[in-house]
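Reading through the structure tokens given below for one structure.
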Amino acid sequence: MKRILTGVALATTAALVTATPALAAAPKDPVVAVKKQLVPGKGVKFTERITQIAGRSREIVTRSSGTLQFSKTGLAASDISGKFNFPATDQDEIPEGELGDMLKAITAPERTIRIGTTSYLSGGIWASMLPEGKTWFKAPNGPPAGITGVFGQPFNVAEVATLKTLLKGAKPVSGGYAGKIKRGDAWKASRWMRASLPVKPSAKEAKGVISWRLTVNSAGLPTRLVSTFSLGDDVSVSVDTRYTDWGSSVSIKPPAVGDTSRVFSDGSDEVPPLDTPLLGLGD
């Protein structure tokens, strides 16, 4: 009997030891991990690729990269550069005249610095709209990532409240979490999405679903976020964002006052509507 009990004890111990790696492999809570990173003067870097999917066709529409700077409560500032994927070989297809000039401007690289809720826009189409001698447009409550960010990542991982909303009902998957959220609920939860798309979704649009998958590292910090949503007519968008250098020192400052204008060359002082047909430029 003693030998049997000893054998059972050894088997139980072995089972517990074997089970330990499986428990360790479970993804950690990214909310807790990100909260620890919210230190003034620290931040994270990212790269992003937006792909348009139509049937079997997959076309990269934009590429962007940037840096997020933290405050004690979330996001303090961001510096993002983006460009439409418009191959140089297609330049010959751009028509002459005003339309052609606009297309060339839109497909040029743009940069957006955002301090708090104030955006500074440069390059791209903004360069063609600014008064002579000015290189930045100052836009209170402006978009965080310019025109190229219109179909960018709907969620910002530095927004703890947004992460909490996403994780409600999410399922643990290999390396992280996955879930779905209605577009209307996402718009309410994500400040970043509201800043990128200030027009509230219609009742029909609000019912649309955004599918997402978040990959985290061993500390629970996000390393990749992929979101997919439909644009209708069998066309969808996949946004693939990769995060690196969590906790790196970051200091984002506004452009020089002398380089900045509060009005465009035509006298207007508001960012024009960022139209959805621009998405077709990646074809």
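No lab work stands behind these numbers, since they all come straight from the coordinates. As the structure is a computational prediction, the values presented were derived from the model and not from experiment. Note that each Cβ is placed from the backbone with ideal geometry, even for glycine, and that neighbours are counted across all protein chains shown.
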Next item on the list: Using a 10 Å cut-off on Cβ atoms, rank the peptides 253-261, 125-133 from the highest mean neighbour count down.
Entry: 125-133, 253-261
Check: Based on the mean of other beta carbon atoms within 10 Å per residue, what is the order of 47-54, 149-156, most packed first?
Finding: 149-156, 47-54
Item checked: Counted charge near Lys207, where neighbours are those whose Cβ lies closer than 11 Å (Asp, Glu -1; Lys, Arg +1) -> +1
Next item on the list: Could you tally the net charge around Thr117, taking each other residue with its Cβ under 13 Å from the Cβ of Thr117, Lys/Arg +1 and Asp/Glu -1?
Entry: +4
Check: Using a basic spin-label model with each label point 7 Å from the Cα along Cα→Cβ, how many nm lie between Lys171 and Val39?
Finding: 3.7 nm
Next item on the list: Determine, for each peptide in 164-172, 67-75, the mean count of other beta carbons within 10 angstrom over its residues, then list the peptides with the highest first.
Entry: 67-75, 164-172
Check: Put a dot 7 Å past each Cα toward the Cβ at Val257 and Lys72; how far apart are the dots in nm?
Finding: 2.9 nm
Next item on the list: Give me the number: length gained by fully extending Glu205 to Ala108, i.e. 0.36 nm times residue separation minus the C-alpha to C-alpha distance, one decimal in nm.
Entry: 31.9 nm
Check: HN-Hα J couplings of region 165-176 from phi, Karplus 6.51/-1.76/1.60, θ = phi - 60°, integer Hz, Gly and Pro as x?
Finding: 5, 5, 6, 5, x, 6, 10, x, 10, 4, x, x
Checklist line | Assigned charges on the beta-carbon of Lys, Arg, Asp, Glu; region 30-270 dipole about Cα centre (debye) | finding: 1760 debye
